[in-house]
Each structure stands twice: as C-alpha cells, then as structure tokens.
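These notes concern the structure reproduced below.
The values are calculated or read from the model by the stated rules, or taken from the named source; none is laboratory data. None of the values given here were measured: they were computed from a predicted structure. Cβ sites come from the backbone with ideal geometry, for glycine too, and all protein chains shown count toward neighbours. Please note that ligands, DNA and RNA were not included when accessible areas were found on the heavy atoms of the full protein model with its side chains. Shrake-Rupley method; radii C 1.70, N 1.55, O 1.52, S 1.80 Å.
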Amino acid sequence: MVPEPSSPRPDSTGAPGPASDSAQGADTASPADTASSTVTAPADGSASADSADTADGRKEPPQSWDDLKPWKGVAAPTDKFLLFAIFAVPAFYLGMMPFRPFLIANQPILLEFLTGAKTAIVGAAAYARVGEFPLWLVLVAGFVGMTKFDWLFWLAGRRWGDGILNIFTSTDRQRRQVEKFRRMPPWLLFLLVVISRVPGIPGTLVWLVAGWSGMRLWVFLIADFLACLILTVGVALLGYSLGQAAVDVIQTIDRYALWISLGLVVLIAVWSGAKANKQAKDAQA
C-alpha cells in the first residue's frame, strides 16, 4: 500500500486538480524559474533537501548528507529502500548496456523484460515476423519492461516533494521546466505523463512532479500504461514490418557483439570520468 503524505495535498482524483499542483519530469530534469524562486512543494513529513544558492543563482553542491537526503529527521525503512531503488534503477540500465548486443541477437524477449529498450522491441518483433516468437509475447515483454519501475518515481515525488526534485534538478533549465510542470492543471499534467516517453520530454521529472502534485497512483498508472502501450505497439509494428531485413542487421551486430560491448564499456568509463571531473570543478568553483 502506497503511503499517503501527512501534509495537505491537492485533491487529484483522475480529473484535473489545481494548476499550482501539477508537474512531473522524466528524460530531462525539473527546473524552477530560478534557483531562488523555487516553490516549496508539500511533502508528507519528509522535507526537501534545499541547498543554498550562490550569488549568481546557481545551486551550491551539497556539503553533507543532510543537504543531500530528501527527507528531514530520521529516515523510515521505506525512505531508505525508496532512495536506494531510485538510484539503483539508472545504475541497472547503465550496467546492462554492454550486454545489449548479445541479448538483442540471442534473447531479445529477455532484453525487453529487463530494459524495455525500443531497440529490443524492434528486434523481437522482427524475429516474430520470421516465426521465432509470437507477436503477443513481444508486446507483453516490451510493455512490462517499460512500466515496471515508473511508479517508484511517482512515489518518491509523493513522499518527498521538493526534497527529491532538488536532487534531480542540477541546472537552471531543469528547474524552469519543473516549475512549468508544477503550474499545469491536473488534466494537462495527465496528458504530459501520457507523452512522457516522447524524445525531448524529461519523463523522470514528469513522474516525480506527478507524485508531488498529489496525482493519485491509479490515475498515474493509467497515464503511464497508455504511454508505454502506445510506444510498445508503435515500435513493435516497425520491427514487424522490417522482418527479415531487421533480423539480418541484428545477426550482423551479433558477429561483432564482443567489440561493440568493449566499446560501450570504454565509452561509459570515459563518460563517467568526464562527469566526475566536471562535478569536481563545479564544486571547487
């Protein structure tokens, strides 16, 4: 059972609620108009991890665990589990990247279940066209793979409000985006969740804001399921129409899977090192 926040929340029933309560984020982060004008969102007893703003409007990096944690006071077991899960999800997807070339050629259905990746759905649907799998299994695997973790971000937004949004918004642009999401009426926020998987829309931020705004879980799940179903069907139809041509490409990838995986490992290592170096320079600045 999803814990209800202790502080007053806007009423969201499936229908739209007050405009000031809406906002969610996904592929990009949720920004406020400026770091200094961020609106404090209601959270259920767990407060926001507000870090001080610098004179030029940038957020100072967290100086301690108290600055980083999204709750105030002593953490409940639910808080610890949820925070671990929120950071484990992107780490899991990142860790799966080197294995994708092997899995897409040999176990595309399994890759769909694990990651919900659009490339895996295309590959599995192409195999379905040549009789390797039933198409319904391709659709079910892709749908489950896409939806399985989204509710965690809704719950984090619901439970911690600004505390988790501050962690996921590191730039002024992201904070401005979040502020726009917050101001949306509930019906528009619902539609934003439906299209949250469209490239260019920060899905994670949208889901966080949906929880923060008070959107009920069943309403969020309806919107999220619609988004994943539409995308899964569309991508699967593309792969099914390609058929043998897509299978030939996948088999070519399989022949070079080892080198592709090694290349991905190197790219991930370089990217992680560059990101850590940038964060260190920002902290010094």
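By the rule of a C-alpha distance below 20 Å, with chain neighbours fewer than 8 residues away ignored, the lysines paired with residue 278 are 59. The charge dipole of region 132-191, taken about the Cα centre with unit charges on the Cβ atoms of Lys, Arg (+1) and Asp, Glu (-1), comes to about 360 debye, rounded to the nearest 20.
Sorting 144, 209 by accessible area puts them as 144, 209; the probe is 1.4 Å, largest comes first, and only protein heavy atoms count. Local charge for residue 144 was computed over the other residues whose Cβ lies under 13 Å away, with Lys and Arg +1 and Asp and Glu -1, and equals -2. Would you please classify the overall shape of region 85-148 from the alpha carbon gyration tensor, given that a ≥ b ≥ c denote the square roots of the eigenvalues, rounded means a/c under 1.5, and beyond that prolate means a/b larger than b/c while oblate covers the rest? Oblate. Of the residues 267, 221, the one with the largest accessible area comes first in the ranking 267, 221, computed with a 1.4 Å probe on protein heavy atoms. Spin-label pair residue 173-residue 233: with each label point 7 Å from Cα along the Cα-Cβ axis, the two points sit 3.4 nm from one another. Taking each residue as 0.36 nm, the span from residue 107 to residue 91 lengthens on full extension beyond its C-alpha to C-alpha distance by 3.6 nm. Accessible surface of residue 222, taken over heavy atoms with a 1.4 Å probe and every protein chain present, rounds to 80 Å².
The largest accessible area among 281, 118 belongs to the first residue in 281, 118, and the rest follow in falling order (1.4 Å probe, all chains). The heavy atoms of residue 87 present about 100 square angstrom of accessible area, all protein chains included, probe 1.4 Å. For residue 191, the accessible surface of its heavy atoms amounts to roughly 80 Å² (probe 1.4 Å, protein chains only, rounded to the nearest 10).
Taken along the Cα-to-beta-carbon direction at a fixed 7 Å, the label points for residue 221 and residue 136 span 2.2 nm.
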